[in-house]
Each structure stands twice: as C-alpha cells, then as structure tokens.
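**Q** Quick one: the structure is below, questions incoming.
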Amino acid sequence: MKKSRSPYISMDITELSKAMKKFSAELAKDPKAAKAFLVGAGILTEKGNFRAPYKGLCILLDQA
C-alpha cells in the first residue's frame, strides 16, 4: 500500500474512505438502493418525503 500523505492519517481511515467511495458509487447507479439507504438512515419516509428534522433545510450554493 502507498504511504499516506500525512502521518496522522492511518491506513484504516484510508481503507474506510475507499469503501465509502465505492459504496456511494454503487448507490449512485441504483435509485432504488439509494432510496432504501435513505429510508434506513431515517432521512426519508417510505413515500419519499423528508422526515421532520430534514424538512426546510437549504444549501446555499452561491452568495454572490
């Protein structure tokens, strides 16, 4: 394996990062799996609506 860029980053973190990228790529390919993940995480309801803590959130992309 390659050495990490920082001595503070362990190999476990590097492996976790790779696994998360692989998992997110798989979810991006399959909308049903992505919805099932969000329902399981408690973000969406079965109908596809946001649960109460996640309603009304907004992300500002540009404040120019």
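**Q** When the C-alpha atoms of segment 11-54 are aligned to their principal axes, what extent does each axis show, in angstrom, from largest down?
**A** Here the Cα extents, ordered largest to smallest, are 38, 23, 12 Å.
**Q** Stretch residue 14-residue 27 to full length: gain in nm at 0.36 nm per residue minus the Cα-Cα span?
**A** On the way: separation 13, 0.36 × 13 = 4.68 nm, distance 2.02 nm.
Full extension from residue 14 to residue 27 adds 2.7 nm.
**Q** Now for a different question. Under unit Cβ charges (Lys, Arg +1; Asp, Glu -1), what dipole magnitude, rounded to 20 debye, does segment 11-54 have relative to its Cα centre? Before the final figure, lay out the partial values.
**A** On the way: 8 positive and 5 negative charges, 39 e Å.
The calculation lands at about 180 debye.
**Q** Quick check: residue separation of residue 37 and residue 61 times 0.36 nm, minus the Cα distance between them. What number comes out in nm?
**A** Roughly 6.1 nm would be gained on extension.
Each value in this text was obtained by applying a stated rule to the coordinates, not by laboratory testing. All values derive from a computational prediction rather than experimental measurement. All Cβ positions, glycine included, derive from the backbone under ideal geometry; neighbour counts span all protein chains shown.
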